[in-house]
Amino acid sequence: MEAERPGTAAVLGEYKGLAVTRRYIPVRLLDVEREVDVRRRRAAVLCPTDQPAARRDEVCVDFAGYAASGAPIPDSSMQNITLVLGSGRLLPGAEDAIAGHKAGETFRFAFRYPEEFRVPALSGAPRAADGGQGEGGCRRVPGFRGRA
């Protein structure tokens, strides 16, 4: 057999008649279905909508937090945060405040930091936030045709 580079050659030893052990790994149908579902979800595309955001919609939002006095809370602003409404990634009440708003809208909402918040000075304190929704939509998962 010739190698790809000119001037070099590979010589194979005796390979015919070698004993080979074939390993059999059983696969359950449930495992195949789960893997197909995972791959379908990875291939999902965001379908923008002009409808108000709802639970399970994926949205991109901006936030800026304010104290009760109206002064900005340091390090509380976030830009281009992508999340699925209902996933619980934001403080309680924040995802509910986003729901019902359309892309491009700005809004203000009140919330309260949890009692055990990681910043003791903010724990349990009522605050307000300005929010703005950029893109929004739902993920469209490709269909599955089954066996060919």
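The values are calculated or read from the model by the stated rules, or taken from the named source; none is laboratory data. All figures in this text were calculated on a predicted structure; none of them were measured in a lab. Quick reminder, even Gly has a Cβ in these numbers, built from the backbone with ideal geometry, and neighbours come from all protein chains shown.
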Report task. Determine whether Ala121 is over 30 Å from Ala43 (Cβ atoms) and either modelled with pLDDT under 85 or of a type in the set (Gly, Ala, Ser) (or both). Result -> yes
Query raised in the report: Name the pairs: first residue in the stretch 39-61 and in contact (Cβ under 8 Å) with a residue 12 or more places away in the chain, second residue exposed (fewer than 11 other Cβ atoms within 10 Å of the Cβ) and in a loop (DSSP other than H, G, I, E, B), Cβ to Cβ under 7 Å, at least 6 apart or on different chains?
Result: Arg40/Phe144
Requested in this report: Please state which of the following conditions Asp62 fails to meet, knowing it meets all the rest: (1) modelled with pLDDT under 85; (2) touching a Gly at 6+ places or on another chain (Cβ under 8 Å).
Outcome: (1)
**Report entry** Selected residue (criterion: surrounded by the most Cβ atoms within 10 Å (Cβ to Cβ)) from residues of the stretch 18-73 that are of a type in the set (Val, Ile, Thr) and touching a helix residue (DSSP H, G or I) at 6+ places or on another chain (Cβ under 7 Å)
**Finding:** Val61
Requested in this report: Give the residue that is nearest to Ala99 (Cα to Cα), with candidates limited to residues of the stretch 12-57 that are under 29 Å from the mean Cα position of the chain (by Cα) and among the basic types (Lys, Arg).
Outcome: Arg55
Query raised in the report: Can you find a residue in the stretch 123-144 that is free of Cβ contacts under 8 Å to residues at least 24 places away in the same chain, under 26 Å from the mean Cα position of the chain (by Cα), crowded, with 16+ Cβ neighbours inside 10 Å and within 25 Å of Gln51 (Cβ to Cβ)?
Result: no
Report summary line: Those residues of the stretch 96-116 which are over 16 Å from Arg127 (Cβ atoms) and among the small types (Gly, Ala, Ser) amount to Ala99, Gly100, Ala103, Gly104
**Report entry** Tally of residues being of a type in the set (S, T, N, Q) and part of a loop (DSSP other than H, G, I, E, B) across the stretch 119-142
**Finding:** 1
Query raised in the report: Taking the stretch 78-90, which residues are free of Cβ contacts under 8 Å to residues at least 40 places away in the same chain and more than 11 Å from Glu58 (Cα to Cα)?
Result: Met78, Gln79, Gly88, Arg89, Leu90
Query raised in the report: Does Asp31 meet the test of being acidic (Asp, Glu) and free of Cβ contacts under 8 Å to residues at least 60 places away in the same chain?
Result: yes
Query raised in the report: Quick check: anything in the stretch 83-103 among the basic types (Lys, Arg), out of contact with any helix residue (DSSP H, G or I) (no Cβ under 6 Å at 6 or more places or on another chain) and surrounded by fewer than 11 Cβ atoms within 10 Å (Cβ to Cβ)?
Result: no
Report summary line: Of the listed residues (Gly93, Gly100), the one being free of Cβ contacts under 8 Å to residues at least 24 places away in the same chain and among the small types (Gly, Ala, Ser) is Gly93
